[in-house]
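Derivation of every value follows stated rules applied to the coordinates shown; laboratory data play no part. Keep in mind that what you see is a predicted model, and the values were worked out from it rather than measured. Using ideal geometry, Cβ is built from the backbone for each residue, glycine included, and neighbour counts are taken over all protein chains shown.
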Amino acid sequence: MKITPPMKSALLPILLAWGVACIQPVQAAGQTVRVGIMSGEDEDVWRTVAANAAKQGITMKITTFADYTQPNEALAQHDLDANSFQHKPYLDAQIQARHYDIVPVGFTYVQPIGLYSRKVKSVAELPQNAAIGVPNDPSNEGRALLLLQANGVIKLRDKVGLLPTARDIASNPKHVQIKELDAGIVGRAIGDLDAAVVNTDWAIKAGIRIPQERIAQESVPGNPYRNFIAVNAKDAKAPWVKTVVDSYQQADVASTILKVYHGATLPAWEGAPQK
């Protein structure tokens, strides 16, 4: 059939739209994406993500890290294309300290931080001068102190935001001693402490029994500490980014998260199943 000029005009937007739809996957397909994650349970999660991405023509090369300080530096140096291990307060603190140009592109999960003890069964049983371990990086120490405040252990100065430090404690009725330790160590030191605030992933690695040894937990609704996939800002709109995020935000990934973290970590993207 011969296409007359009016028909050409009418078909042009359709053809252009079809062309864009066809081009986008081709740009992402066949690409290898280097992703940095924390070692441990996340390796199982990202095996599921990688299998989903492979169906879309993306190969994932996963690099594991043992502490929180390395993945953003590796991303900033372009040794990685993306990382997945952090929440916004942590990234904000890293950007302020190191001037990274890194942005979040899709939520992954939330790990409500917990207060654990092998010496008492409740917050009310904490003794005078109790030694309480907290992570020593700015965002997680702030998170720990806010948890202690929410449970009446301490009171912080007004308007401290999400990054208070021990210097911001305004009231300490039991004179608890705040012990600042590396996030990867605080859980393993629980036997030498009266209690410890430990990130969920590190609690599992330290052999803490969740929820048996948990005496308090951060609230989940409205939690500002949802983790996400992050990339360098210049890559935020690259076609492969959407493919990676879509490959993560799937029901089979949610199921893997709930399984490997024993229900102590919850999928955090919109519409994600919670059980």
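Some notes on this structure:
- For the chain, the relative contact order comes to 27 percent (Cα pairs under 8 Å, sequence separation of at least 6).
- Rounded Å value of the spacing that divides the Cα centres of the range 211-234 and the range 160-186: 19 Å
- With 10 Å bins from 0: P(r) over the chain, alpha-carbon pairs, percent: 6, 26, 30, 19, 9, 5, 2, 1, 0
- Restraint check, Lys121/Lys205; Lys179/Lys205; Lys237/Lys275; Lys155/Lys179; Lys88/Lys159; Lys205/Lys259, Cα-Cα greater than 23 Å: Lys237/Lys275
- In the elastic network of the chain, a GNM with C-alpha springs shorter than 10 Å, the most mobile of Ala236, Ala53, Ala66 is Ala66.
- Dipole of the chain computed with +1 at Lys/Arg Cβ and -1 at Asp/Glu Cβ about the Cα centre; of Asn136, Ser255, Val120, farthest Cα towards the positive end is Ser255.
- Compared with the direct C-alpha span, the chain from Ser255 to Gln212 gains 13.2 nm at full extension, assuming 0.36 nm per residue.
- In order through the range 164-172: 3J(HN,Hα) via Karplus (6.51 cos²θ - 1.76 cosθ + 1.60), integer Hz, x for Gly, Pro: x, 10, 4, 5, 8, 6, 9, 9, 9
- Karplus-derived HN-Hα couplings along the range 88-96 (A = 6.51, B = -1.76, C = 1.60, θ = phi - 60°), whole Hz, x at Gly and Pro: 5, x, 5, 4, 4, 5, 5, 5, 5
- In plain terms, the bigger the Kirkwood radius, the slower the diffusion; for the range 142-203, with that radius from Cα pairs, at 25 °C and 0.890 mPa s, Stokes-Einstein puts D at 200 µm²/s.
- Karplus (6.51, -1.76, 1.60) ³J(HN,Hα), θ = phi - 60°, over the range 116-123, in Hz, Gly and Pro reported as x: 10, 8, 10, 10, 10, 9, 8, 4
- For the chain, the longest principal axis of the alpha carbon atoms and the long axis of helix 5-28 meet at an angle near 40°.
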